[in-house]
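Below is one structure, written out as structure tokens; comments come after it.
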Amino acid sequence: MVWSRPVIPRRTWRSASRVRDSTALFVADLATYAVHFERLGWMTAYDVEPLITLETKRHWQQWAFDHDALILFQHDPHISAGRLVQDGERRRIEPVEVTIA
């Protein structure tokens with residue numbers, strides 16, 4: 001069973017989905033690269049609402065960590081999917097290999 005719902009009605013659409021027994025978060029332009037999701041203060045230079053992006057990332061970063069969600073990055077050339085893990089004082093993306101059958 002797959003369910004999906006938009007998580008932010010404004011700007012670029014993002015979604016949180018549940019596929020079988022896993023939870024996934026498609027971040028779209030909220031975090032262009034994995035490092036943008038790891039570090040709250042990092043965003044693209046063309047973001048027209050950086051404070052909204054900051055608070056949105058704070059919310060979804062915590063949600064992804066709490067749900068052990070698979071995070072999907074459509075623009076990152078090196079990390080297409082990963083999970084947020086605690087690494088000492090900070091959180092980082094642990095890459096996950098995803099294969100499509």
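The values are calculated or read from the model by the stated rules, or taken from the named source; none is laboratory data. Since the structure is predicted, the reported quantities are computational estimates derived from the model, not experimental observations. Using ideal geometry, Cβ is built from the backbone for each residue, glycine included, and neighbour counts are taken over all protein chains shown. SASA here: full protein model, heavy atoms, side chains in, ligands and nucleic acids out. Shrake-Rupley method; radii C 1.70, N 1.55, O 1.52, S 1.80 Å.
Which of the residues spanning segment 42-57 are open to solvent by less than 40 Å² (accessible area, probe 1.4 Å) and in a loop (DSSP other than H, G, I, E, B)?
T44, D47
What number of residues within segment 51-101 satisfy the criterion of being in contact with an Asp or Glu (Cβ under 7 Å, 6 or more places away or on another chain) and in contact (Cβ under 8 Å) with a residue 24 or more places away in the chain?
4
Return the residues of segment 58-79 that are over 14 Å from P95 (Cβ atoms) and not in a loop (DSSP other than H, G, I, E, B); say none if nothing qualifies.
R58, H59, W60, Q61, Q62, W63, A64, F65, D66
In the set V27, V2, V98, which member is crowded, with 18+ Cβ neighbours inside 10 Å and modelled with pLDDT under 90?
Unique residue meeting the criteria: V27.
Among (1) open to solvent by less than 40 Å² (accessible area, probe 1.4 Å); (2) assigned to a helix (DSSP H, G or I), where does L84 come up short?
That leaves (2) as the condition not met.
Residues of segment 72-99 being touching a Leu at 6+ places or on another chain (Cβ under 8 Å) and hydroxyl-bearing (S, T, Y), which ones?
Result: S80, single match.
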